[in-house]
Structures are given as C-alpha cells and as structure tokens.
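Visitor: Before anything else, here's the structure in question.
The values are calculated or read from the model by the stated rules, or taken from the named source; none is laboratory data. Remember, it's a predicted structure, so these values are computed and weren't measured experimentally. Glycine gets a Cβ as well: all are built from the backbone with ideal geometry, and neighbour counts include every protein chain shown. Keep in mind that these areas ignore ligands, DNA and RNA; they rest on the heavy atoms of the full protein, side chains included. Shrake-Rupley method; radii C 1.70, N 1.55, O 1.52, S 1.80 Å.
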Amino acid sequence: MPIPSRQALLSVSDKRGIVDFARGLLEQGFSILSTGGTATLLRDQGIAVTEVADYTGFPEMLDGRVKTLHPRIHAGILARRADPAHQAALEEHAIGTIDVLAVNLYPFAATVARAECSFDEAIENIDIGGPTMLRAAAKNHADVTVLVDPDDYAGVLAEMAEHAGAVTAATRLALAKKVFAHTAQYDGAITNYLTGLGADGARGLFPERLCMQFEKVQDMRYGENPHQQAAFYRDPEPAPGLLVGYRQIQGKELSYNNLADADAAWECVKTFDEPACVIVKHANPCGVAVGASATEAYGKALKTDPTSAFGGIIAFNGALDEAGAAAILGQFVEVVIATEVAPGARAAFLARPNVRVLEVPLGAGRNPFDIKRIGGGILVQTPDLSNLGPADVRVVTHQSPSAQQLTDLLFAWRVAKFVKSNAIVFCAGGMTLGVGAGQMSRIDSARMAALKAEAAGLSLLGSAVASDAFFPFRDGLDVVVDAGATAVIHPGGSLRDEEVIAAANERGVVMVFTGVRHFRH
C-alpha cells in the first residue's frame, strides 16, 4: 500500500469543528486517518477517510480497547524526521509519518460526575490509546502538530495557509504544553476518583491522593507586599458565577490584594436576592446593605464605616447605573464590581481611569473546596454554604422576635459568615451598623463593633446583633445589649448556654440559636 507523504490522524470524543478542520487539512494536502465515530462522521460529510484498522492491517479488538496501539501508528508519530536511522526504519517497514494529530479523550470527568455512574462505567471511560498518542506527539512536537482543544483548529489552519502548509515551532511547542497539561489533568481526575473510593466502593469527599490543576492567568506585580512575588491562577473549568469570570471594563491591573478582597466582596453580595452592596476592606465587610436600588444600597452600606471604606472594594449583585457610579465617585475606591455596568456608568468612571471596574455574571457556582496552605501541606474543606431562613432558628428566650427583628437577625447572620472571627455584627433596617472582626476575644469584637457604630454616628438602639460563634460568657452579651441591641443570634452550644440565656431574659432581649457556626480564619 503506497504511503501518503502527509498524514493527519483525527480521533475525537468532542467533535466540535472536526469536520471543518478535516476539510482544511485536505486542502493543505493531508490524507486523513481516523477511527470509530469520528471516521463515520467525516465519511458522512463526504470526506475521504482511511480507517486506522485498514491502515495498520490489524482490526480493532477487545470492544475497541485496542485500535491505535500499533507500531504503524506510534512509529509514524515518534520518528524524528531529521534522524536518518529513524527514516530508514520507517522505509524498511513502509510506515508513513503522521504529522498532525487531533485527539481528545473519553469524557471521564463528566462520566464520574454523574451520581448514577457505576464503577465499571468509570473504568471503561479511562482512555488508553488517546493519551498514549497525545503524549507521543507532544514529545515529538519538533515534527508533529498535536491538538487536544477544538478551539485551536482554526489557528493551526491559518498558520498552514500562511506558511505553505507548515506550523511554526512556537505553535507546536505551545500545543504540546497544552497536551501534557491536559493529560495530567485527565490522570488527576482518575486518581481523585479511584483513591476516593472506600473499601465498600462508596465515594468519599476527600481522595487519598488529591490532584488539582490550575491555569496561570497572569504574573502579578507583587503579592501582599512589594517584596513578595505572585501569580494569578484559575480553575481550568470554573463554575459560573465565580469571580474568576470577571471582565475588566477599565482601570489599572488588578493586584493580589485587589483580587483577594474582590472575591470576599463578591461572595458576600451574591448571597442576597434584593439589590445589595458590600464594601470590603482587608478581606472584611465594613459595610453591607440592601435597598430598593444599587444606589440606595451603596449609600446605606457606606454609612456603616465611611473611614474604613476609603480605598475599599465595592460589590453589587445587580446592574450599576450612572447614578450609582456618580455616588461611588464621591469616595476613593480601588475596585467596583457589578453584574453589569451601564453605558452611563462607564462614561462616569472615565473621569477616574485608575478605578478598576469589573463585570461579573451571577451564577450558582461554588468552589468544591476551600484550601489553605500550611507548612508542608494543605488544609481542605467543603465551603461554608449554610444560609438560614426563619424556620431554621430556635428561639431560646421568653420573648420571641418580631417579624422585623427576625429579618434583622437573619441579615446580621448572613453578613457574619463573611466577617473574620471573632465576628460581631450589628444590623437594623437592611444595613450593618457596626462590624467587629478578627479579634482574639469575642468581647473585644463586640466592643469594637459598638465603637465603629459610634464613630459613624449610628445608633444601635433596637438593633439586632449576630455572633459567628457562641458567647462563652454573659459578658459579651452584656456589651452588645448595653450598646443598644434588643435581639441576638448565635449558634449556641456553650457549656454556659443556660447562663447566657438567663442573662438575655434578665435584660429583656430576644435570643435565637442557629446550631451552625461561621468561623472564618
């Protein structure tokens, strides 16, 4: 059988764009080798295809488990074109080179993500021939163009058209890097699945070997401080609604601290259904409010702590109009986040070109894990997704909350989840009044929150207060009640709960337990 001088092997699970790519390769003088469903699709589209089994002279066997694992395929991929000994070996065995390889793999991750996926089904979706061909072609990228992503087809064809059928060395290397990252991620998914299985075959949350992969978005000017180096990485396939999906409208390059604080603001604000604004400074909300509009919510949030809001991050869970932008421009702000920035708002922000303005689409996506680095390892946990409603709290005092008090309590509780421990949050009327964060003792956080309200000129009389964990003694309760709170929400669970409840009854305030703690370190 005569061996074509230019061959491409196409075998893909994701068939997006493969027909047009095959046609483009034919125009560049390639003949097409293919397998299974890819070959059928191309043939149905009128594209001349040689089945790999016909090319190797060896039929597919073992239900398709063996089809491309053959010297005629791998020698054609791995042979060094400039090596006379390699070329002589190809000629001796009448093997042609394979100069383009487009392969993507069985959908293992998507398969095991289904709750009903069985162990046998998972195993059958472990691709063998695909990764082997990809790694061979990537290793020999000096001579072979290897593609694993359909989004790369058009660029490769454009280069071929520009360079008389050739692909530049820089592009071949870039594609090879992409292949090795892809196969590493694929093997990582298999490892996570298999080492996550218990002795009884049940899947656990945390595998014995945790493999994770992230893509670098950019090197950053520096980290938390100018003497630290930093880079920004993203999940290869981030869930919708996460900050990493942002689009920057204007402003300077985002810094390490900008991104960390922006994420804190965005995660908090998107938990509200009504128009909301969250202002974050150094990873803590210093003002949170809801209102009839983004502008109203911003005005209320700013009142909590205008001093701390200086140079902060401002996030909205809806569109930002010109009026909202004009209000924001009355203060110094580092980053503004909204689901949409209206044309009038964009025009207004042009007066402050250094302000970073981001659009982030809303979505239900959450990170599967929270991760914290420690010396020599990492701590991994599921994210804190607890959001309570009126039916989820337990009244423990003689007095029950009014409808407004319950609303204020649940608002305060929602905010407290995003405040660094120890957290104390005073709220009323859909806005924060005082936030105490990150103190070593809860009573100090309570005092700080009251002082913040006093500094802002806000009254705490009749307010609701949330504590992210229980009051270990009555002294913390006495501080918030002395400041004006009439309703308190916290998890309960202390050995001194009865003492604290008795103190609340003595002071004539409402207390409800959540049974849920919100430590945030």
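Visitor: Taking Rh as the Kirkwood radius computed over C-alpha pairs, what is the Stokes-Einstein D of the range 438-488 at 25 °C in a medium of viscosity 0.890 mPa s, expressed in µm² per second? Show your work: numbers first, answer last.
Guide: On the way: Rh = 11.0 Å.
In µm²/s, the coefficient is 223.
Visitor: Let me ask another. Take the Cβ-Cβ distance between Ala391 and Phe180 as r, set R0 to 51 Å, and report the resulting FRET efficiency rounded to the nearest 0.05.
Guide: Numbers: r = 52 Å, r/R0 = 1.01.
Approximately 0.50, to the nearest 0.05.
Visitor: Another one. So how much slack lies between Asp83 and Asp273, counting 0.36 nm per residue of separation and subtracting their Cα-Cα distance, in nm?
Guide: Working: separation 190, 0.36 × 190 = 68.40 nm, distance 6.57 nm.
Contour length minus the Cα-Cα distance gives 61.8 nm.
Visitor: Can you return the lysines within cross-link range of Lys452? Criterion is Cα-Cα under 28 Å, with same-chain partners fewer than 8 residues away left out.
Guide: Cα-Cα hits under 28 Å: Lys270, Lys281, Lys300, Lys303, Lys417, Lys420.
Visitor: At each listed q (0.06, 0.07, 0.08, 0.13 Å⁻¹), what is the log10 of I(q)/I(0) that the Debye formula gives for the chain modelled as equal alpha-carbon point scatterers?
Guide: Values returned for q = 0.06, 0.07, 0.08, 0.13 Å⁻¹ are -0.43, -0.56, -0.68, -1.18.
Visitor: For the peptides 175-183, 44-52, what is the packing order when you average, over each peptide's residues, the other Cβ atoms within 10 Å and list the highest mean first?
Guide: Details: 175-183: 18.8, 44-52: 15.1.
My ranking of the peptides, most packed first, is 175-183, 44-52.
Visitor: Let me ask something else. Take Met440 and Ala48, extend 7 Å from each Cα along the Cα→Cβ direction, and tell me the distance between the two endpoints in nm.
Guide: If labels sit at Met440 and Ala48, their model points lie 8.1 nm apart.
Visitor: Here's a follow-up. Among all helices in the chain defined by DSSP H, which have a length of 24 Å or more along the axis from Cα atoms plus a Kyte-Doolittle mean of at least -0.5? If you can, show how the numbers build up before the last one.
Guide: Numbers: long enough: 169-195 (39 Å, 0.14).
Those that pass (Cα extent of 24 Å or more, hydropathy at least -0.5) are 169-195.
Visitor: Another question about this same structure. Normalise the Cα radius of gyration of the range 1-142 by 2.2 N^0.38 Å (N = residues in it) and let me know the number. Mind showing how you got there, number by number?
Guide: Details: Rg = 15.9 Å, N = 142, 2.2 N^0.38 = 14.5 Å.
Cα-based Rg divided by the globular estimate yields 1.10.
Visitor: With every protein chain present, what accessible area does Arg414 have (1.4 Å probe, heavy atoms only), rounded to the nearest 10 Å²?
Guide: Accessible surface of Arg414 is approximately 60 Å².
Visitor: Could you give the length gained by full extension between Cys117 and Gln228, i.e. 0.36 nm per residue of separation minus their alpha carbon distance, to one decimal place? Don't skip to the answer; put the middle values down first.
Guide: Values: separation 111, 0.36 × 111 = 39.96 nm, distance 4.49 nm.
Length gained, Cys117 through Gln228: 35.5 nm.
Visitor: Here is a follow-up. Would you mind giving the three semi-axes, in whole Å and largest first, of the ellipsoid equivalent to the range 336-397 according to its Cα gyration tensor?
Guide: Working: eigenvalues 254, 114, 28 Å².
That gives 36, 24, 12 Å for the three semi-axes.
Visitor: Going out from 0 in 10 Å bins, what whole percent of all Cα-Cα distances in the range 89-183 drops into each bin?
Guide: The distribution over the range 89-183 is 15, 38, 27, 15, 5, 0, given as percents.
Visitor: In units of 2.2 N^0.38 Å, what is the alpha-carbon radius of gyration of the range 301-368? Spell out each step's value before the answer.
Guide: Working: Rg = 12.5 Å, N = 68, 2.2 N^0.38 = 10.9 Å.
Rg over 2.2 N^0.38 Å, computed on Cα atoms: 1.14.
Visitor: Please report the carbon-and-sulfur percent of the accessible area for the chain; probe 1.4 Å, protein heavy atoms only, DNA, RNA and ligands left out.
Guide: On the way: 13270 of 24410 Å².
Whole-percent figure for carbon plus sulfur exposure: 54.
Visitor: Which value, in Å² and to the nearest 10, is the accessible area of Trp413 when all protein chains are kept and the probe is 1.4 Å?
Guide: Looks like 10 Å² after rounding.
Visitor: Same structure, new question: Just how much of Glu498 is accessible, in Å², when a 1.4 Å probe is used and the result is rounded to the nearest 10?
Guide: Estimated to the nearest 10 Å², Glu498 gives 140 Å².
Visitor: Now for a different question. Reported to two decimal places, what Rg/Rh ratio describes the range 340-477 when computed on Cα atoms with Rh from the Kirkwood expression? Show your work: numbers first, answer last.
Guide: On the way: Rg = 18.9 Å, Rh = 18.0 Å.
Dividing the radius of gyration by the Kirkwood radius yields 1.05.
Visitor: Continuing with this model, one more query. For the range 158-197, take the alpha-carbon Rg, divide it by the Kirkwood Rh, and send me Rg/Rh.
Guide: Details: Rg = 16.3 Å, Rh = 12.2 Å.
Rg/Rh: 1.34.
Visitor: Calculated FRET efficiency, Leu173 and Asp151, Cβ-Cβ r, R0 30 Å, to nearest 0.05? Could you put the intermediate results ahead of the total?
Guide: On the way: r = 18 Å, r/R0 = 0.58.
Computed FRET efficiency for Leu173 and Asp151: 0.95.
Visitor: Quick check for you: with a 1.4 Å probe and neighbouring chains kept, what is the accessible area per residue of the chain, in Å²?
Guide: Details: 24410 Å² over 521 residues.
I get 47 Å² per residue for the chain.
Visitor: Just from the alpha-carbon atoms, what are the Rg and Dmax of the range 163-257 in angstroms?
Guide: 18.8, 58
Visitor: If you don't mind, there's one more thing I want to ask. Relative to the compact globular guide of 2.2 N^0.38 Å, what is the alpha carbon radius of gyration of the range 405-521, as a ratio?
Guide: Working: Rg = 12.2 Å, N = 117, 2.2 N^0.38 = 13.4 Å.
For the range 405-521, the normalised Cα radius of gyration comes out at 0.91.
Visitor: On to the next question. Could you list the square roots of 5 times each eigenvalue of the Cα gyration tensor of the range 280-410, that is, the equivalent ellipsoid semi-axes, sorted largest first and rounded to whole Å?
Guide: The answer is 30, 24, 15 Å, longest axis first.
Visitor: Report the far tail of the P(r) of the range 186-312, meaning the percent of Cα-Cα pairs longer than 22 Å.
Guide: 55 percent
Visitor: Could you tell me the largest-minus-smallest coordinate of the C-alpha atoms of the range 227-267 on each of the three principal axes, in descending order and whole angstroms?
Guide: For the range 227-267, the Cα spread along each principal axis is 33, 23, 17 Å.
Visitor: Provide Rg and Dmax in Å for the range 241-339, with only Cα atoms included in the calculation.
Guide: Every Cα atom of the range 241-339 included, Rg and Dmax give 11.9, 33 Å.
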